[in-house]
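What follows is one structure encoded as structure tokens, with my remarks underneath.
The values are calculated or read from the model by the stated rules, or taken from the named source; none is laboratory data. Everything quoted here is computed from the prediction, not taken from an experiment. Backbone-built Cβ (ideal geometry, glycine too); neighbour counts: all protein chains shown.
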């Protein structure tokens, strides 16, 4: 401000000095002989110092001022001045932009509710409106347009808020219902955008209603860092003793769990854990293994898993209804005399010739709820009471009993109920 007043004072002083100098120059010119004819006129002019001041002011101030003025257009809205623009095309473009934006959001053709007029006018360049200022003034003149915030989810409009800040507050509120103060990087799984759009203020949604409709559409994912103590489970080491029966089991060393401090990053979706990444793990105490000794001497207790009782065969018939009755096992065709093996550890409870039906057959009790039957053999190699191991040879295949050719009929019983052997063995 001091600089401005100083500049004005300097200009005023220069004006006064110029007027005085012109006055002296005119007086001297009047005394020259060559100007004798103009003496009377110059004397009169010299005495009118106001004219001298005007002669200085016009070239120094008025003409430069006119040079800085430029042609433009004054815009009037409903008869009231709105502002100056350089060209009417700028006004047309601003009106079209505002009307197109409002039309796109409302879905119906929108027209500015003001009467616009233009008049030519000269003015300093600093007084002309920019495009943004013109759009803002037109929105204000309409009385119903504002810059609204449109929320889109997956590329489709989901709601309209009055301001971008209001939209962000609403989205933060949705995030807050699934996150805590310790959560980081909270964001939506769905693509969410907030765009500023010029439209009628009446199109803005009620915040409560918008929250109710928007919240179910969005899933919130976040990460949080947690530190906790974790138990390190001990392992059980089994030592086999072939001098002890299968029923023998003894704990030689008690197991003891260890402890570790774990730092993990947990990923949540809508508050539920959906993944965990271990960032750091510090062992406070190691686990001590439990050592167990078990007997492996076979006393006829099965392992619970079965092997196919023949090494060379052709699978000819399965567990199904056949000829009006249930065929309760599988048939494995093989030449007479082909070895038959125990499908699992067990004790022989049947080893006889039925005279018909199964012919010469064997039943093993595996003493764990399972029994297996081997029928139509040509020769039995074990007797009742024998204890056999898994894979031991117990018979030779044949064609005895009710048989249509040399084969082994094999059954598995679970708690004395016949089941499909193919649930336990794989036949090719």
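Tabulated data for the structure shown
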| quantity | calculated |
| --- | --- |
| In region 199-210, the residues that are loosely packed, with under 15 Cβ neighbours inside 10 Å and more than 19 Å from residue 143 (Cα to Cα) | 206, 208, 209 |
| Of the criteria (1) more than 17 Å from residue 399 (Cα to Cα); (2) assigned by TED's automatic domain parsing to the domain that holds residue 389, which one residue 308 fails | (2) |
| Hits in region 246-256 (condition: under 14 Å from residue 287 (Cβ atoms) and in a strand (DSSP E or B)) | 253, 256 |
| Region 71-94: number of residues that are in contact with a strand residue (DSSP E or B) (Cβ under 7 Å, 6 or more places away or on another chain) and not in a loop (DSSP other than H, G, I, E, B) | 14 |
| Residue match in region 220-232 (condition: touching a helix residue (DSSP H, G or I) at 6+ places or on another chain (Cβ under 6 Å) and within 30 Å of residue 100 (Cβ to Cβ)) | no |
| Residue that is modelled with the lowest pLDDT, among those in region 369-415 that are out of contact with any strand residue (DSSP E or B) (no Cβ under 7 Å at 6 or more places or on another chain) and exposed (fewer than 15 other Cβ atoms within 10 Å of the Cβ) | 404 |
| Condition met for residue 84 (outside the structural domain of residue 162 (by TED's automatic domain parsing), modelled with pLDDT of 90 or more and under 30 Å from residue 194 (Cβ atoms)) | no |
| Filter pass, residue 128 being within 24 Å of residue 269 (Cα to Cα) and outside the structural domain of residue 288 (by TED's automatic domain parsing) | no |
| The one condition in (1) modelled with pLDDT under 95; (2) within 23 Å of residue 202 (Cβ to Cβ); (3) crowded, with 18+ Cβ neighbours inside 10 Å that residue 151 fails to fulfil | (1) |
| Matching option when the condition is farther than 16 Å from residue 214 by Cα, in contact with a helix residue (DSSP H, G or I) (Cβ under 8 Å, 6 or more places away or on another chain) and touching a residue at least 12 places away in the same chain (Cβ under 8 Å), among 170, 145 | 145 |
| Residues that are more than 13 Å from residue 378 (Cα to Cα), in contact (Cβ under 8 Å) with a residue 24 or more places away in the chain and part of a loop (DSSP other than H, G, I, E, B), drawn from region 309-339 | 309, 310, 311, 312, 313, 318, 319, 328, 329 |
| Hits in region 65-113 - residues which are more than 19 Å from residue 145 (Cβ to Cβ) and in contact with a helix residue (DSSP H, G or I) (Cβ under 9 Å, 6 or more places away or on another chain) | 68, 69, 70, 72, 73, 84, 86 |
| Given (1) assigned to a helix (DSSP H, G or I); (2) modelled with pLDDT under 90; (3) surrounded by 13 or more Cβ atoms within 10 Å (Cβ to Cβ), number of the condition residue 121 does not satisfy | (1) |
| Residue ranges of strands (runs of 3 or more DSSP E) in region 257-300 with at least 2 members closer than 30 Å to residue 347 by Cα and in contact with a strand residue (DSSP E or B) (Cβ under 9 Å, 6 or more places away or on another chain) | 290-297 |
| Some residue of region 340-355 being surrounded by fewer than 16 Cβ atoms within 10 Å (Cβ to Cβ) and closer than 20 Å to residue 246 by Cβ | yes |
